[in-house]
Amino acid sequence: MPKTGFSAYACLVFAGCFCCSKAMLTKLNQEAVNNRPVIGILTQIVSDEVMKPFGKTYIPASYVKYIESGGSRVMPIRLTLTTAEYKNIFRQINGLLLIGGAVDLERSDFAKVAKIFYTLALRANNAGDFFPIWGTCMGMQLLTVLVAGESLLTNTTAVNVSLPLNLTTEASSSRMFEGFPKELMTALTQEPLTGNFHHYGLTVQTFHENQRLQSFFSILSTNVAENGANFVSTIEGKRYPFYGVQWHPEVNRFQWDTKLNFPHSLHAVQLSSLLAEFFVEEGRRSLHQFDNPEEEASSLIYNYMPVYAANFTPYEQVYFF
Ligand SMILES: *[C@@H]1O[C@H](CO)[C@@H](O)[C@H](O)[C@H]1NC(C)=O
Ligand SMILES: *[C@@H]1O[C@H](CO)[C@@H](O)[C@H](O)[C@H]1NC(C)=O
Ligand SMILES: *[C@@H]1O[C@H](CO)[C@@H](O)[C@H](O)[C@H]1NC(C)=O
């Protein structure tokens, strides 16, 4: 059933009665499900010399496969569009993934475009228009910068190490881990299921000292960095469907470089699968849609060919733009 048609139909049936109030429509919208979601992924700026001949921005195919594996399609979003064009994209997609990388989190094009979508998403969610955002590694760091209004990141180096999560008490009542099998929750705290590849992060102390972060996010897990810093490794918005992981769930299933410490055990694969399914299910609650099938088709990642890159990057395949 067409989504806009659904609301219109409800309105027609109940025309004239109190049921047409905004609150009722919001409720109906929340119950409606979009089984053809499209998650946007912001392209990342190429900084590595060996990647420069292929394009100015890129998305490792591992992130695309991760989202696709949850039952969504992917729209790559370039960093060179106008604000009006981003607003138009926002009306059409059902969630946003901010990927890892290494760019300035306040001044880069990546950060500027992320801020546009973050602001639109805050406003939309406030108005009952559900829109989820997920940040992985630098994407999570960027979410903390956007919420705090400043960068509070410090050295929390954990590179090429797989770690179990030190889950907080809030993890057991979280949306992210809701419905995880008991055995997997136990494995998560005992087995090295999360691949870490970062130099910077948010310490638990900094998080608790910042009023904005503390009121916005719940900490679901922490970990200890190489320098002994206790850092925030998983967060979830208290009132907003915004999520962040300092680690890389996509590598568990979609990256295979033998020089890097990627978790590939059954539990590691299950963790990656369930988180992808969780985030896409959040996306199904968004009723944004493209104006027409042609625009949708031309926007999707299927129009691009990934490049084989295992011989010059840590990724097997990379999309360049
Ligand atoms: C786990 O976190 C708790 C605080 O939430 C802390 O007291 C404990 O030391 C941490 N354990 C490890 C192994 O990092
Ligand atoms: C962070 O700390 C680690 C471990 O103490 C150290 O080796 C590294 O040089 C530091 N990195 C930065 C960017 O300060
Ligand atoms: C990453 O860790 C693995 C396993 O601990 C090790 O074999 C490998 O040499 C490391 N790679 C790098 C680039 O440090």
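Gap in Å between the Cα centre of region 219-287 and the Cα centre of region 70-136?
Distance between centres, Cα-based: 19 Å.
What percent do you get for the relative contact order of the chain when only Cα pairs under 8 Å and 6+ apart count?
25
Considering amide H positions built from the backbone, and no H for Pro or chain starts, which residues 5 or more places from Gln317, or on another chain, come under 5 Å of its amide H?
Ala61, Ser62, Ala309
Pick out which of Thr194, Thr57, Thr169 has the largest mean-square fluctuation in a Gaussian network model of the chain, springs linking Cα atoms closer than 10 Å.
Between Thr194, Thr57, Thr169, it is Thr169 that shows the largest mean-square fluctuation.
Pick from Phe110, Phe54, Phe216: which residue has the top mean-square fluctuation in a GNM of the chain where Cα pairs under 10 Å get a spring?
Phe54
To the nearest 20 debye, what is the magnitude of the charge dipole of the chain about its Cα centre, counting +1 on the Cβ of each Lys and Arg and -1 on the Cβ of each Asp and Glu?
700
Could you state how much accessible area Thr168 has, in square angstrom rounded to the nearest 10, with a 1.4 Å probe and all protein chains kept in place?
40
Have a look at the DSSP beta bridges in the chain and tell me what percent are antiparallel, nearest 5.
65
At a probe size of 1.4 Å, how large is the accessible area of Glu106, to the nearest 10 Å²?
90
Hey, can you rank 272-280, 290-298 by average C-beta count inside 10 Å, highest first?
Going from most to least packed, we get 272-280, 290-298.
Amide H neighbours of Phe197 under 5 Å, counting only residues 5+ apart in sequence or on other chains, H built in-plane at 1.01 Å?
HN-HN under 5 Å from Phe197: Asn160.
HN-Hα J couplings of region 155-169 from phi, Karplus 6.51/-1.76/1.60, θ = phi - 60°, integer Hz, Gly and Pro as x?
With coefficients 6.51, -1.76 and 1.60, one gets 5, 10, 3, 8, 10, 6, 10, 9, 10, x, 8, 8, 6, 8, 5 Hz.
Using the structure shown, list the pairs from Lys112/Lys259; Lys56/Lys112; Lys65/Lys87; Lys87/Lys112; Lys115/Lys238 with a Cα-Cα distance above 24 Å, or answer none.
In this structure, Lys112/Lys259; Lys65/Lys87 lie more than 24 Å apart at Cα.
Amide H of Phe242: which non-local residues (sequence gap of 5 or more, or other chain) have their own amide H closer than 5 Å, using H built in the peptide plane?
It is Ile133, Gly237, by chain and number.
If Tyr315, Tyr308, Tyr63, Tyr200 are ordered by their accessible area, calculated over protein heavy atoms with a 1.4 Å probe, which sequence runs from highest to lowest?
The ranking, largest first, comes out as Tyr308, Tyr200, Tyr315, Tyr63.
Can you give me the solvent accessible area of Asp104 with a 1.4 Å probe, rounded to the nearest 10 Å²?
Number for this one is 60 Å².
Test of understanding: what is the full-extension gain from Tyr308 to Thr157, defined as 0.36 nm times their sequence separation minus their Cα-Cα distance?
Extra length available between Tyr308 and Thr157 comes to 51.4 nm.
When the helices in the chain are scored as -39500 (n - 2.57) per DSSP H run of 4 or longer and the sum is shared across all residues, what 222 nm value do you end up with, to the nearest 500 deg cm²/dmol?
Value at 222 nm, helices only, nearest 500: -10500 deg cm²/dmol.
The values are calculated or read from the model by the stated rules, or taken from the named source; none is laboratory data. Just so it is clear, the model here is predicted, and its values are computed rather than measured. Because the Cβ atoms are built from the backbone with ideal geometry, glycine has one as well, and the counts that use them run over all protein chains shown. Note: accessible area is taken over every heavy atom of the protein model, side chains too, but ligands, DNA and RNA are not part of it. Shrake-Rupley method; radii C 1.70, N 1.55, O 1.52, S 1.80 Å.
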